[in-house]
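Asker: Structure provided below as structure tokens; questions to follow.
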Amino acid sequence: MAQPSLTETGASAGHSPSLDPNASDVIRVLRDDGTLDPATDPKLSDDAVVALFQHMVFVRVLDERLVTLQRQGRIGFHIGSLGEEAAILGSAFAMRSQDWLFPCYREFGAALWRGMTLQSYIDNMFGNAGDPAHGRQMPDHYTARAAKFGSISSPIGTQITQGAGFAWAAKIKRDDLVALVYFGEGATSSNEFHNGLNFAGVFKTPNVFFCRNNGWAISVPVERQTASETFAGKGVAYGVPGVRCDGNDLFAVIKATRDAVAHAASGKGPVLIEALTYRLSGHSTSDDPKAYRKDEVVEAWKQRDPLVRLRKYLDGRSLWSDALQSELESKVDAEIKTAVAVAEKKPQPSLESMFDDVFAELPWHLKEQRAQLLAGVRAKGH
Amino acid sequence: MAQPSLTETGASAGHSPSLDPNASDVIRVLRDDGTLDPATDPKLSDDAVVALFQHMVFVRVLDERLVTLQRQGRIGFHIGSLGEEAAILGSAFAMRSQDWLFPCYREFGAALWRGMTLQSYIDNMFGNAGDPAHGRQMPDHYTARAAKFGSISSPIGTQITQGAGFAWAAKIKRDDLVALVYFGEGATSSNEFHNGLNFAGVFKTPNVFFCRNNGWAISVPVERQTASETFAGKGVAYGVPGVRCDGNDLFAVIKATRDAVAHAASGKGPVLIEALTYRLSGHSTSDDPKAYRKDEVVEAWKQRDPLVRLRKYLDGRSLWSDALQSELESKVDAEIKTAVAVAEKKPQPSLESMFDDVFAELPWHLKEQRAQLLAGVRAKGH
Amino acid sequence: MTQMNMVQAINSALRHEMKRDDRVVVLGEDVGKVGGVFRVTQGLFDEFGDDRVIDTPLSEGGIIGCAIGMALYGLVPVPEIQFSDFIFPAYDQIVSELAKFRYRSGGEYPSKLVIRTPVGGGIRGGHYHSQSPESLFIHVAGLKVVCPSNPHDAKGLLLASIRDPDPVLFFEPKRIYRAAKGDVPDEDYTVPIGKAAISREGKHVTMIAWGAMLYEALAAADQAAEQGVDCEVIDLRTLWPVDIDTIIESVKKTGRVVVVHEAPKTCGFGAELIALINEKAFLHLEAPPVRVTGFDTPFPYTLENEYLPLAHRILPAVLETARY
Amino acid sequence: MTQMNMVQAINSALRHEMKRDDRVVVLGEDVGKVGGVFRVTQGLFDEFGDDRVIDTPLSEGGIIGCAIGMALYGLVPVPEIQFSDFIFPAYDQIVSELAKFRYRSGGEYPSKLVIRTPVGGGIRGGHYHSQSPESLFIHVAGLKVVCPSNPHDAKGLLLASIRDPDPVLFFEPKRIYRAAKGDVPDEDYTVPIGKAAISREGKHVTMIAWGAMLYEALAAADQAAEQGVDCEVIDLRTLWPVDIDTIIESVKKTGRVVVVHEAPKTCGFGAELIALINEKAFLHLEAPPVRVTGFDTPFPYTLENEYLPLAHRILPAVLETARY
Ligand SMILES: Cc1ncc(C[n+]2csc(CCOP(=O)(O)OP(=O)(O)O)c2C)c(N)n1
Ligand SMILES: Cc1ncc(C[n+]2csc(CCOP(=O)(O)OP(=O)(O)O)c2C)c(N)n1
Ligand SMILES: [Mg+2]
Ligand SMILES: [Mg+2]
């Protein structure tokens, strides 16, 4: 594996934050030969590892199908997690059942792991009447409170401050609860990262701030995001300990997150985790990354595909096989097909529903506006 | 001098950023005995030191007179620099003539040093027709472009990002120029600190970010502002080197700022300076600090009054005397009295002037509104 | 009943509700030990402690962002923004997040909090301690906006705001923080959100005002009365959702309208009121509805009493409207 | 003359002005190498280099705050905000600083820049890629606000905006970025700020629109014509300072007004237009001025074509107004 190509972005020279997962301060468990480093091994049961692998495959297949659906014009948009599955699943797995997740927008794998149903997710992708968000938001902007998973919005970083406030409230209430917040490395430049980390540091909130450093913010590479040595190192500014882990190593992510949860839960305050990973696909279905990055670097990272690496471990331990793999893939594929078919048959949200939930109760002006719309020509079609 | 009382704020326990000017990483020059540490001595001419001392006395007297004027109801407000004169004057002195200052709101001493006239400043305090800001802003929100000194606004921190952009523009134009930005330690919590430092770090702008850590943001002590070890240490998050200096030691401030200017001017990018000082007065004439801080700590800091310390140096070198002091004080007093008398005789800004400078030219709606006002009862009085 | 000024009334509402409901927390810059720069939260720190009356770092975005998170958890935060001029660093959290949370999550995540903030001019505050940004929040779907004009309403509206299920911007007219005094019930009561008050009945001209400018409208009404013009003065109390019925009923009676507000004229709330009146009472209008407002300039320091729509500027507008 | 769409016209204006005036710099998220997410700045990076076409960190506040500083230095920055929905983290720098700089410094520190940002719905963007926040800027004294509806005006207005001495918010209706095509002069020209265009002459009803909704207004006008109602359609082009003369002249002729905009109704720019028309043409009004606008809800995803004030919603309003 050519190391330099893992870190090259082709952007301006000068000092830049490292993307190298082999740097000395980076927590690693899964070795290139598929064995685990006993010094850092989080010691998972075989069942757990297999279940996580299965879920990662599920997420991978789902991602691919959604891109296809978008290309076919059946859904409007998808923003995926290709290559970032270990970071997302490992961190979600490490959380305790009472803990909460505050998502960015690539973590549908975590929501599904925590109990969001596939149907509910697919309904959101279609924005139909079954979507818990009532088709009000774009695809991948779902809501899954039952999974202790926050509401997704597009503005970058806003969940960071909210996640800090949420955990702070739990602390005020003396509840044993940790809130993990997901965000990309681009979001560290937002006002919100600064506010969220600063308040969390001062009030020692039980938070894990989980930065998916996937190398890119759309077309902007990490060295245009910050001149900091690392993203984890930004914690210094807030008195928040920072750790880095190999984000494509499921075990390393689990190790780092578990330790962080233990730290936060014990009253010692928040932890900032930087998971070194890579966005293998374009930013979203709207993006073509060929315009701004080199294929070789992407190829180098494909060699570090978290699924491939985990499979090597499973193979070494004889926990998985090609037969199981194809069985799983067909099962998952069928599930997705069914969910899509169901979603496509569901109606659009009703015209009336457009006016609900702006306020708890409909005020006079929304009653008027609703009546106007319902008296219009389009209402007849509904 | 009781060290603990210098750093105690009486607020919540736990880790807090240090206020101790004797900490090992803090640049110091002026010793308690009035001599200079040759290792760090910036080697100023005697004339320069005397001139700076005289200016510090001027600023001190001015500050006291303005508080009196406010108490007498002759001006509406004053926000002073009592105790922070060395930090403000030393940094201004260290700048080269082509360099610019982006002020917070306590740096009238720097503006006067750089050439703002006393009359113009006093006119601003009275908001009269002579005020270059046309009485549009509060006292201490003057404008002094000729002094290469930015326009003051109240929102905390906004000048930080602007100062970064200004220096960045100079760099784009290949001009040899450094922009120093003043702000309080409270401002490090603002969005602007994050944005200004981050952009400056990434684009290696020729900036000096000068943080007056005076212990307080109105009633909020440093440990409620951040859990960071120091404010200078926040530079790490942006790849910006941070240095701390004894902010009540004129020589140390000059040393730190000169080095930072040299660094920035040589293309190496910005520097963050934290000057450890103390706000001896209330936040402004509107504030009574007795409600939130202990007299003893204030007393301890009074022992470190930058004027007293500098006077000790001057005395040791026989550069100053009581006679010179009282001569200076009467001269300064007379100057201020004259400026105040002149200011009080100047008329208010005209009613018409309220509508100028919203845009470069008056659009139709402001012409209408101006005509309306000028046709009203109050116009007759004018 | 106790005679109180606005500061005391708001303080007493906070104290009352914090005692009654332990989900209520107060946070902001200088709200703790020192009790706020206007002393509105004075004594609460001593009574309820650091967990519920919280001095924060200097960041409005942090305050509101965290308050939203606290609300998602189930607390009822009442953050203070020291001056409404300084609310803009939190504007994104308010308009993109707070206002849309319930809607975008299909009702799963209501985010209920009350933002208290002093508003308006008249204290020699210049550009940045005088502004009236209400229309910048009224335009944003999902927010309620309240502005009391007297101690009784201040307490009752604040209690109603805290108990309301939706986010509320609670603007406190700082010019009358201490000047407006009145009897305030000691017991629990609310002034309903969405209901205006008729401060003065009249039949010739409908004046619409709120907050500190209500007193200017009333003063102008007194002066107009001397010239035979009988004004009805409506104190909106809730700006949004506005009490349209009270307004329209009055306009149907008078046919003439003067709206008074401190904010700049263009795209101020006055424009919305006039557009609504056109929609709902067009045929009753006997004169063009008039706005007497702050000018379309930044808020000036020395000339603030020329900038503000004080009685001397309202009166000619009223007379002209009445005689149109 | 070259046939162009909006994206190409704006790109050509930027290229033209960057060649002519080396103070002009472009900065924003993804504006450099990749040429912007809508490709509006495509090719500029290669032509003018990294010093003048600058990919920035992900912070709108940083972009605008730095651009203000650059402007103070004497550059003419043309920052891009990727979607106008994401302008709010920069709102404080815009309203507290940019808008007030010249005024508060007595003219010493004009801060001139042009903020380009895609606006409006119609691209299936949901809450956060569809909003129309213009009235939140029109309310703020010191800002000019522009919104072109076609390639010719886009180029001419952008050149005028860059050369104008005041800060300009330049809203680009993304729904018609590629759909609106037309001939664009190759040479230097400007479309003056503050001048509306009459897109269709008529005598029965005055319709006021801008940006993408202009085409809906025109479509409704065509349909109304079939029913004997002859609409005049004004394309505002500059929202503020608005071309009041053109509006009032038209209203004096027709006596009937329909304003169309995508932004939510309440406190939208339509309210201001109606209030101004009341002020200046009250006696000419023969029907209540009507607004056909986005609803007072967040911008919905699936139902966006029900939310937008498309022709099918405009037509009944026009007919009703005409027959009032
Ligand atoms: C405030 C704001 N500005 C801009 C955008 C547009 N945008 C969407 S995603 C994105 C890049 C985010 O990068 P990063 O935080 O690294 O997350 P990643 O997509 O890599 O997971 C940008 C600029 C936005 N959604 N919100
Ligand atoms: C955005 C904003 N929020 C709040 C305020 C009110 N305020 C004025 S000064 C100040 C404290 C500033 O503290 P610091 O930055 O340490 O500067 P110092 O006054 O100590 O010099 C506060 C909160 C403001 N001016 N702007
Ligand atoms: Mg990224
Ligand atoms: Mg301070």
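Read-outs: derived from the displayed coordinates by stated rules, not from any lab. As the structure is a computational prediction, the values presented were derived from the model and not from experiment. Cβ: placed from backbone, ideal geometry, glycine included. Neighbour counts: every protein chain shown.
Asker: Using +1 at the C-beta of Lys and Arg and -1 at the C-beta of Asp and Glu, which of C:154, C:274, C:132 has the Cα lying farthest in the positive direction of the dipole of chain C?
Answerer: C:274
Asker: For segment C:2-184, what is the convex hull volume of the alpha-carbon atoms per residue, in Å³?
Answerer: Expressed per residue, the convex hull around the Cα atoms of segment C:2-184 is 100 Å³.
Asker: Using a Cα-Cα cut-off of under 18 Å, which aspartates and glutamates could be cross-linked to residue B:290, ignoring same-chain neighbours fewer than 8 residues away?
Answerer: B:8, B:299, C:29, C:30, C:46, C:55
Asker: Here's a follow-up. Dipole of chain C, Cα-centred, from +1 at each Lys and Arg C-beta and -1 at each Asp and Glu C-beta, to the nearest 20 debye?
Answerer: 340 debye
Asker: Another question, if that's okay. What is the sum of charges, Lys and Arg at +1 and Asp and Glu at -1, for the other residues whose Cβ falls under 14 Å from the Cβ of residue C:223?
Answerer: -3
Asker: Could you work out how far the C-alpha centroid of segment A:65-112 sits from that of segment D:238-316, in angstrom?
Answerer: About 42 Å separates the Cα centre of segment A:65-112 from the one of segment D:238-316.
Asker: Looking only at other chains, what is the average number of their beta-carbon atoms within 10 angstrom of each beta-carbon in D:126-136?
Answerer: Going residue by residue through D:126-136 and averaging, the value is 6.
Asker: To continue, here is another question. If amide hydrogens are placed 1.01 Å from N in the peptide plane, which non-local residues have theirs closer than 5 Å to the one on residue C:256?
Answerer: C:206, C:286
Asker: Next question, about the same structure. In the neighborhood of residue A:317, defined by Cβ-to-Cβ distances under 14 Å, what is the net charge if each Lys or Arg adds +1 and each Asp or Glu adds -1?
Answerer: 0
Asker: Let me ask something additional. Give the nm distances, rounded to one decimal, from residue C:179 to the matching residue in every other copy, measuring between label points 7 Å along Cα toward the beta carbon; shortest first.
Answerer: Ordered by increasing distance: 5.3 nm.
Asker: Using amide H atoms built 1.01 Å from N in the peptide plane, name the residues 5+ places from residue C:199, or on other chains, whose amide H lies under 5 Å from its own.
Answerer: Placed amide hydrogens put C:233, C:234, C:235 under 5 Å from residue C:199.
Asker: Separate question: Based solely on its DSSP helices, what 222 nm [θ] is calculated for chain A when runs of n ≥ 4 H residues each add -39,500 (n - 2.57) and the sum is averaged over all residues, nearest 500 deg cm²/dmol?
Answerer: Per the formula, -13000 deg cm²/dmol.
Asker: Distance cut-off 21 Å, Cα to Cα: go down the list D:19/D:174; D:33/D:112; A:204/B:204; B:148/D:100; C:195/C:280; B:171/D:144 and report the pairs above it.
Answerer: Check vs 21 Å cut-off fails for D:19/D:174; D:33/D:112; A:204/B:204; B:171/D:144.
Asker: What does the C-alpha gyration tensor say about the overall shape of segment A:17-349? Classify as rounded when a/c is under 1.5, otherwise prolate if a/b is larger than b/c, or oblate.
Answerer: Rounded.
Asker: Residue C:172's amide H: which non-local residues (gap 5+, or another chain) put their own amide H closer than 5 Å, with H modeled 1.01 Å from N in plane and none for Pro or chain starts?
Answerer: Result for residue C:172 returns C:117, C:119.
Asker: Could the peptides B:61-72, D:145-156 be put in order, highest first, of the mean number of other beta-carbon atoms found within 10 Å of their residues?
Answerer: D:145-156, B:61-72
Asker: Place a +1 charge on the Cβ of each Lys and Arg in the protein assembly as shown and a -1 charge on the Cβ of each Asp and Glu, then give the dipole magnitude about the Cα centre in debye, rounded to the nearest 20.
Answerer: 740 debye
Asker: Next question. Which whole number gives the average count of other chain Cβ atoms within 10 Å of the Cβ atoms across peptide A:220-231?
Answerer: Other-chain Cβ atoms within 10 Å of each residue's Cβ, averaged: 6.
Asker: Please sort B:341-352, B:73-84 by packing, taking for each peptide the average over its residues of neighbouring beta carbons within 10 angstrom, highest first.
Answerer: B:73-84, B:341-352
Asker: Tell me which of A:152, A:105, A:334 sits at the most positive position along the dipole axis of chain A, charges placed on C-beta atoms (Lys, Arg +1; Asp, Glu -1).
Answerer: Ranked along the dipole, the leading option is A:152.
Asker: Residue by residue, what Karplus-based ³J(HN,Hα) values in Hz, rounded to whole numbers, does segment A:294-310 have, using 6.51, -1.76 and 1.60 with θ = phi - 60° and x for Gly and Pro?
Answerer: 8, 4, 4, 5, 4, 4, 4, 6, 4, 4, 9, 3, x, 6, 4, 5, 5
Asker: Could you pull out the GluC sites (Glu not before Pro) across segment C:180-231 that fall in loop regions by DSSP (anything but H, G, I, E, B) with no more than 14 other Cβ atoms inside 10 Å?
Answerer: When the GluC sites (Glu not before Pro) of segment C:180-231 are filtered for loop state and at most 14 Cβ neighbours within 10 Å, C:187, C:201 remain.
Asker: Can you list the HN-Hα couplings for segment D:252-259, worked out from phi with the Karplus curve (6.51, -1.76, 1.60; θ = phi - 60°), rounded to whole Hz and with x for Gly and Pro?
Answerer: 5, 6, 9, x, 9, 9, 10, 9
Asker: Work through the residues other than residue C:28 whose Cβ is under 11 Å from its Cβ and net out their charges, Lys, Arg +1 and Asp, Glu -1.
Answerer: Residues close to residue C:28 contribute a combined charge of -4.
Asker: Across the residues of D:107-116, average count of Cβ atoms on other protein chains within 10 Å?
Answerer: Mean partner-chain Cβ count within 10 Å for D:107-116: 3.
Asker: What angle, in degrees between 0 and 90 and rounded to the nearest 10, separates the Cα long axis of helix B:250-263 from the longest principal axis of the Cα atoms of chain B?
Answerer: Long axis of B:250-263 versus the principal axis of chain B: about 80 degrees.
Asker: If you average the C-alpha positions of segment A:325-363 and of segment B:173-226 separately, how far apart do those two centres end up, in angstrom?
Answerer: Here the two parts' Cα centres lie 48 Å apart.
Asker: Output ³J(HN,Hα) for segment B:81-92: one whole-Hz value per residue in order, computed from phi by the Karplus curve 6.51 cos²θ - 1.76 cosθ + 1.60 with θ = phi - 60°, and x for Gly and Pro.
Answerer: 10, 3, x, 10, 5, 5, 4, 6, 6, x, 5, 4
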